[in-house]
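Let me begin by presenting the structure, written as structure tokens, before commenting on it.
The values are calculated or read from the model by the stated rules, or taken from the named source; none is laboratory data. This structure is a prediction, so every number in the text was calculated from the model and none was measured. Note that each Cβ is placed from the backbone with ideal geometry, even for glycine, and that neighbours are counted across all protein chains shown. For the accessible areas, the whole protein counts, side chains as well, though only heavy atoms, and no ligand, DNA or RNA atoms are used. Shrake-Rupley method; radii C 1.70, N 1.55, O 1.52, S 1.80 Å.
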Amino acid sequence: MTKTPATPAPFSRIKIRTGALVFCGDEVALIRRDRGDSTHYTPPGGNVEDGEDLHQALARELVEELGLDTAAAEGGDLMWVIDQRVTRPGPTPPPRKLHLIYRFHISPGLRATLAVQELDELPDGTHEVGVIEWIDYRKTAELPIFPPIGPALAVLADPRATITDAALAAVTDANYTWV
């Protein structure tokens, strides 16, 4: 008799997402996504593919989303790690996701060459358009950013400030609700 595989328990799978805070002076690039009656922001980045090196994944995502070659940017240091264990809408049990947030600095000249929108392919083949916005990092505390890094970002002394603790608070059903 063949057993039917059981549905995985919530958070029994782990995905890794690399993302980046790309600074140009005091402004940071965030992708604004407008969905129905809600808007949220994300740092550029995406999931690491099976067998992919973390830095290669980050470089691939920044080319895809911003048109940024990381070799032309300064930095690339790991800033924050966020552990996500949030129930989400849909039939698939949610994975546990580790968000690795890196930091880069670019010049105004390089910024002028980057994308102004990002197309995210949906399962039905259509695309969701994300708008690249450059926002003063000190004004991010109240923005709906996922993962919720706005408060930590807004209190940096400056965009190059030393990070003494890379672990930000976990994102769970107790402190986050999908919109």
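Take segment 54-119 with all the other protein chains still there, run a 1.4 Å probe, and you get 48 Å² of accessible area per residue. Pairwise alpha-carbon distances in the chain exceed 21 Å for 51% of all pairs. Please identify the longest segment of the chain free of exposed trypsin sites (Lys or Arg not before Pro), where exposed means a DSSP state other than H, G, I, E or B and no more than 14 other Cβ atoms within 10 Å. Between the exposed loop sites, the longest stretch runs 14-159. For segment 112-159, taking Cα atoms only, Rg and Dmax work out to 14.0, 43 Å respectively. Considering only protein heavy atoms and a 1.4 Å probe, what is the carbon-and-sulfur percentage of the accessible area of the chain? Answer for the chain is 54 percent, counting heavy atoms of protein chains only. Set against the 2.2 N^0.38 Å expectation for a compact globular protein, segment 45-141 has a Cα radius of gyration ratio of 1.22. Averaged over all directions, how much area does the convex hull of the C-alpha atoms of segment 94-179 cover when projected, in nm²? Result: 7.7 nm². Highest average first, the peptides 47-53, 113-119 ordered by how many other beta carbon atoms sit within 10 Å of their residues are 113-119, 47-53.
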